[in-house]
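What follows is a single structure, written as structure tokens, with notes after it.
The values are calculated or read from the model by the stated rules, or taken from the named source; none is laboratory data. Source: prediction; values computed, not measured. Here the Cβ positions follow ideal geometry from the backbone for every residue, glycine too, while neighbour counts run over all protein chains shown.
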Amino acid sequence: MTMTYELGDVVAERQLEAVAEDGARTPVTVRIGRPRPDRLSSHGDWCCPHQIAGLGEERAGAAFGVDSLQALLLSVYKLRLELSRRAQDARVRLDWLDQPDLGLKVDPEVHKLLE
């Protein structure tokens, strides 16, 4: 069973493009909602909703953590995995400024190359 979550206030958004083999481009939007306490948790855990629009199912999902930062970071990680799976299923390449991992992974070594 797939759970649906309320996206709520959007705190971050990124516009990507799905690029087909023939070069056709389709917009894809990634949204992250404001982390909030998980109302079902008895331990004070947090929930961070997210959504991918323009590449399959548009229902909001979520990631969970022991605090708001962990929930946010896990939400970004989960988005990276989901975008990769959906792009593979749709046989498209995702693009955002030609950045590795669509700019959704911070790797200090990559930034050193840009200096």
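Observations on the structure shown:
- Strands (runs of 3 or more DSSP E) wholly inside segment 1-88 that include at least 1 residues being out of contact with any Pro (no Cβ under 8 Å at 6 or more places or on another chain), exposed (fewer than 14 other Cβ atoms within 10 Å of the Cβ) and at pLDDT 95 or above: 10-19, 25-33
- In the set (1) modelled with pLDDT under 95; (2) of a type outside the set (F, W, Y); (3) assigned to a strand (DSSP E or B), the condition left unmet by E109 is number (3).
- Residue pairs whose Cβ atoms lie under 6 Å apart, sitting 6 or more positions apart in sequence or on different chains, and linking a residue in segment 49-65 that is in contact (Cβ under 8 Å) with a residue 60 or more places away in the chain to a partner that is surrounded by 15 or more Cβ atoms within 10 Å (Cβ to Cβ), do not occur here.
- Within segment 19-48, the set of residues being under 29 Å from R91 (Cβ atoms), of a type in the set (A, V, I, L, M) and free of Cβ contacts under 8 Å to residues at least 24 places away in the same chain comprises A24 only.
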